[in-house]
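The values are calculated or read from the model by the stated rules, or taken from the named source; none is laboratory data. Keep in mind that what you see is a predicted model, and the values were worked out from it rather than measured. Methodologically, a virtual Cβ is constructed for each residue, glycine included, from the backbone with ideal geometry; neighbour enumeration extends over all protein chains shown. These area figures cover heavy atoms from the full protein model, side chains too; ligands, DNA and RNA do not enter into them. Shrake-Rupley method; radii C 1.70, N 1.55, O 1.52, S 1.80 Å.
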Amino acid sequence: MNLLTSHRSSDGTALARPPRGRPNTALHVAGIALTFVSAGMGITTVVELASTNLDTGALAISTVVCGSLGGLLWYFTRAGTVRTREVFAAVGWTWLSVTLIGSLPFIIAGTFATPGTDFVEQVVNSIFESASGFSATGSTALTDFSGHGRGMLLYRQATQWYGGMGIVVLAVSVLPFLGVGGLDLITAEAPGPSSDRLAPRVSETARQLWVIYVLFTLTVMAVLFVIPGPSFYDSVAHALSTTSTGGFSPYSESIGHYDSLAVEIAIIAGMLYGGINFSLHWRAARGELTAYSRDSELRTFLGILLVAVSVVVLLLWLDSGDPVDGLGDAMRYGGFNVVALGTSTGFGNATGAEAPGDFVHWASGAQIVILFLFVMGGSTGSTSGGIKVMRVQVLFAHTIRSIRRTQQPQAVLPVKHGKFAVAEDIVSRMAGFFLLYVLLISVGVVLVTGLGGGFEESIGAVIGSLGNMGPALGEAGPTANFSDAFPEPARLVLAAFMLIGRLEIFPMLLMFAAPYRVVSDAIRR
Amino acid sequence: MTTQRAPRISAPRLELRGARPTSYSRLAVAEATAVLGIVSITCGVLGLFDDAGDALFLIGLGLASIAFALLARRTLDRTHRPSPGRVLSGLAFTWLTLVVIGTGVYLATGTIDRVDDAFVESAAGFSTTSLTTLDPSELNVPMQLWRAGTQWIGGLVGIIVGVVSLPLALRGGMLSREGQHARERLAPTPVVGRRRVMLVYGAISTLVGLGYVATGLGARDSLVHTFTTVSTGGFSSKVDSFAGLGAGPRTVATIGMAIGGTSFIVIWWALRGRSASILRSTELRLYLGILAAGSVLLALSGEGMSIGESVFTTVSAASTTGFAVGEWTALSDSVLMVLLVIIGTGSMSASAGGGLRVLRAWTLVGFASRELRRQLDPHSAAVVKQAGEPIDERALERTTGYQIAHLGLCGCAAFLLAIAGTDVLAALYTGISVISTHGPGVGPGAYGSLESFSPPARLLLTPFMLAGRLSILPLLLALSFGFRLENELARRVRRVVRKVFVR
């Protein structure tokens, strides 16, 4: 790994310059990520200044703080060793720092300063909103959407856009000499069990991913703009949270604000595209259109969504107690919400509380289907959350094998995904991931109920936060907000779960391994 | 150099005159009906003074069951070792037979009018799930005793599955090597194992019964609660379970339930005076730890529970019995969640209780922790250990598969209940509670009444009761056998159709 850069002396002789800064991959990557986030803050500051001019100061100060901090970290450190410990530390600390610094605009602007809210609660709500944004979850603590500047609301949307593809992927795209460690960084952050290398160089892979992502965002934006209803601002805002499968909206009614079937269909298409593995999009963009049809995970994902839509539509149509009226409404509201939650976007099309799209008032069976989608999530390598369809497939095959093994103890029974046998250590890792996931849900629900959350709300919110869904069940449904449904400490727990879920558990649990090693070595010395 | 081949000595074949080839299902049914017969006769004789009609019916049923069992045993050849699939599907078949007989008893005695309700009540009894469609205080003595007796049989089946059948079916590869050795010593052959289990189970039940009588509980109530305590059943002769009973019976019940949830291997060690083995048992330490932690949490939760009530409720949840000392509507959401975790974890393996089992849960935690460590060092050869010894990878593989199936079944139960009209929370809670063979919870309430469930929802619970009682694998294997039979049938039909068309 050549980290030395050369320059020429006055007499033209090439000299080797020692590398700048201390080697610390975690701080270096965090610095780059913060710099990129500050660029986004800067753009939204300009938007705020040119439009409502309510929160310009807050956004400008945050831009300066975030940019300075990021720039300093970037300048005074350099990428060091990229061993497993450092990879997890880099990814974990980057996300934590971006979430905390990303909450600054909300804190300074007093976005959550409603009557009866003290400063601590404002800070908690700001961190919650920032975590929900960067993890592309979509849960909100915001109660009043009308009293904020357009730039501030656009910043809120942009946090999801950054989080969707991954800020570490963005950082890696400008780190040309990170080698294999760079792919490890992408893999540790990217949703799903593995990350495909799209180009020989890791930074090129990261760049390709972001190019697809940007083009996809522009397409969604253009489509939404063409459809009657959303303004240019709305199109940009919703494009940012559709492609990232985030689910934030500048309106409290989310997509229900437009009450337009055309907008909903466009959003459904965008969410589905975002829920599919980006390496398939990349192959399709290079002319390999059969990549979609050949992918076993995609076929299963679409099959599950189709079955879920059919079951929910049938239940809504047959259940007279629902707010949904008739087959047409059942298809519209059932279809939209199943795709929104199946891709872990979390948009809602309810026009208000207890309106047809408010799924917490649907039949219980439909809500259980939704809860299953909360857990499942979308494809690997997509922007969506959950445990991912590939893991569901492999774990299902693993369970069937366990049963068959009882009958044929000596048989060689490989677990297959599509046509290929999955390596035993991958199966084991996936089973371990699933068990940790279940363990975290149990611990999370105990914690959140212990901190004062309702039972139904806590189950929905913990599963939803870990799967980066957005809305939960009960009082924390698609038309409600989390500040009314959960007390402050519970919101912090949920924010932590969003980050744990976004990074697929391991980086957040292992981010302390490298510092722990440093401390324990120091103590030993 | 020439070698001389040694003469082959063939093992003498044991053949019984007139015996049919092995059928584990028939054998298991024969033994289960024999026990059912004894319990029915006991209940009938004790209930003669109250309702002679029902009592005589039960005596008749008992005699018929014993006659059938004797006849079946005479015609069966037990020299062959059955395949794992046959053992497990045989268990499922036995349980279904018992439930069908139980349904017939409820209908024939007029205790329940509806077939579906009778089926649910019978399934709840034999699966030791504390859910009921009846008001126990309205039942006559013989039926009250017989209903409790079904749970006693269910508990016995649970222990035999854990101590004899599963080790026989899985042929080693158990999670705990120490436990495996102990099982082999407790049950050197299936017949000896079953006999020992029955003797010890009967003896403990008698002691608990005497405890109830000593604390001043009436003869009928003592007998009913004796049947349903060690079996971790949870049926009571009172509508409000233990709420109206004094501290004495509660203490006896707490001890009885705790023993019911304890591994039979540990009990066997205790009877043999092997205190060192008992102290070394990781699962026992964890089980006692759960009981202690749960009791302290409940006592400190500020729900107005005394220490005795907290211990009682925790033991009832951990052993998956389902007795209650008060309605759960007063409990906070966090306490309900803690109880759900305890119920889901369940009792020790090879006990009469249900749930995931403490040993499995602990192994899964170890497995998840190993995978977490492997993230840091993917090439490390880390092993999961139990009592200092590494666990076989295949046993681990089976346990993780089992766990996923367990969770999948909980999800299926919740989905089906929700479709049948149960609200989301009650569906989720009941799904987990029923598969753990506990029963009560959010929805049915602390006393396990199924009144709030629609008839289809009640009926939907029965396969999950079976899955919980027989440790899921038998149910899944029975299903796979069903699929295989279906495939075989379809193949034969296709062959016939092809022949017809070719001709």
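A count restricted to the stretch A:107-164 and to residues that are of a type in the set (Lys, Arg) and within 17 Å of A:Ala496 (Cβ to Cβ) stands at 0.
Per the listing A:Val360, A:Val412, the residue uniquely within 14 Å of chain B (Cβ to nearest Cβ), surrounded by fewer than 24 Cβ atoms within 10 Å (Cβ to Cβ) and in contact with a helix residue (DSSP H, G or I) (Cβ under 8 Å, 6 or more places away or on another chain) is A:Val360.
Among the listed residues A:Ala461, A:Ala522, which satisfies the condition of being small (Gly, Ala, Ser), more than 26 Å from A:Thr343 (Cα to Cα) and either crowded, with 24+ Cβ neighbours inside 10 Å or more than 14 Å from chain B (Cβ to nearest Cβ) (or both)? Answer to the check: A:Ala522. Checked against (1) of a type in the set (Val, Ile, Thr); (2) within 26 Å of B:Trp362 (Cα to Cα); (3) open to solvent by 10 Å² or more (accessible area, probe 1.4 Å), A:Thr479 meets all criteria but (2). Of the candidates B:Arg272, B:Arg250, the single residue that is assigned by TED's automatic domain parsing to the domain that holds B:Val200, under 26 Å from B:Leu340 (Cβ atoms), surrounded by fewer than 22 Cβ atoms within 10 Å (Cβ to Cβ) and of a type in the set (Lys, Arg) is B:Arg250. Between B:Gly322, B:Gly355, B:Gly346, the distinction of being on the phi > 0 side of the Ramachandran plot, touching a Leu at 6+ places or on another chain (Cβ under 6 Å) and either facing chain A (nearest Cβ under 9 Å) or crowded, with 23+ Cβ neighbours inside 10 Å (or both) belongs to B:Gly346 only. Within the stretch A:435-457, work out how many residues are in a helix (DSSP H, G or I) and more than 7 Å from chain B (Cβ to nearest Cβ). Number of matching residues: 8.
Hey, does the stretch A:421-431 have a residue that's in a loop (DSSP other than H, G, I, E, B), more than 7 Å from chain B (Cβ to nearest Cβ) and modelled with pLDDT under 95? Yes. Evaluated against (1) of a type outside the set (Phe, Trp, Tyr); (2) more than 26 Å from A:Leu473 (Cα to Cα); (3) facing chain A (nearest Cβ under 7 Å); (4) open to solvent by 30 Å² or more (accessible area, probe 1.4 Å), B:Gly401 falls short on exactly one condition, (4). The residues in the stretch B:302-319 that are open to solvent by less than 40 Å² (accessible area, probe 1.4 Å) and within 16 Å of B:Thr229 (Cα to Cα) can be counted, and the count is 8.
Does A:Gly365 qualify as being part of a loop (DSSP other than H, G, I, E, B) and small (Gly, Ala, Ser)? When the stated conditions are applied, A:Gly365 does not pass them. When restricted to residues that are within 10 Å of chain A (Cβ to nearest Cβ), open to solvent by 10 Å² or more (accessible area, probe 1.4 Å) and within 26 Å of B:Phe126 (Cβ to Cβ), the stretch B:422-440 contains 2.
Listed by first and then second residue, the pairs linking a residue in the stretch A:442-462 that is without any contact (Cβ under 8 Å) to a residue 60 or more places away in the chain and small (Gly, Ala, Ser) to a residue that is surrounded by fewer than 20 Cβ atoms within 10 Å (Cβ to Cβ) and assigned to a helix (DSSP H, G or I), with Cβ atoms under 6 Å apart and 6 or more places separating them unless they lie on different chains, are A:Ser442/B:Val341. For the stretch B:362-377, the count of residues that are more than 14 Å from chain A (Cβ to nearest Cβ) and either touching a residue at least 24 places away in the same chain (Cβ under 8 Å) or under 20 Å from the mean Cα position of the chain (by Cα) (or both) is zero. Take the residues in the stretch B:362-398 that are among the aliphatic types (A, V, I, L, M), at pLDDT 80 or above and under 19 Å from B:Arg285 (Cβ atoms), then tell me which one is most open to solvent (accessible area, probe 1.4 Å). Within the stretch B:362-398, the match that is most open to solvent (accessible area, probe 1.4 Å) is B:Val365. Scanning the stretch A:216-254 for residues that are open to solvent by 60 Å² or more (accessible area, probe 1.4 Å) and touching a residue at least 40 places away in the same chain (Cβ under 8 Å) gives A:Val223, A:Ser252, A:Glu253.
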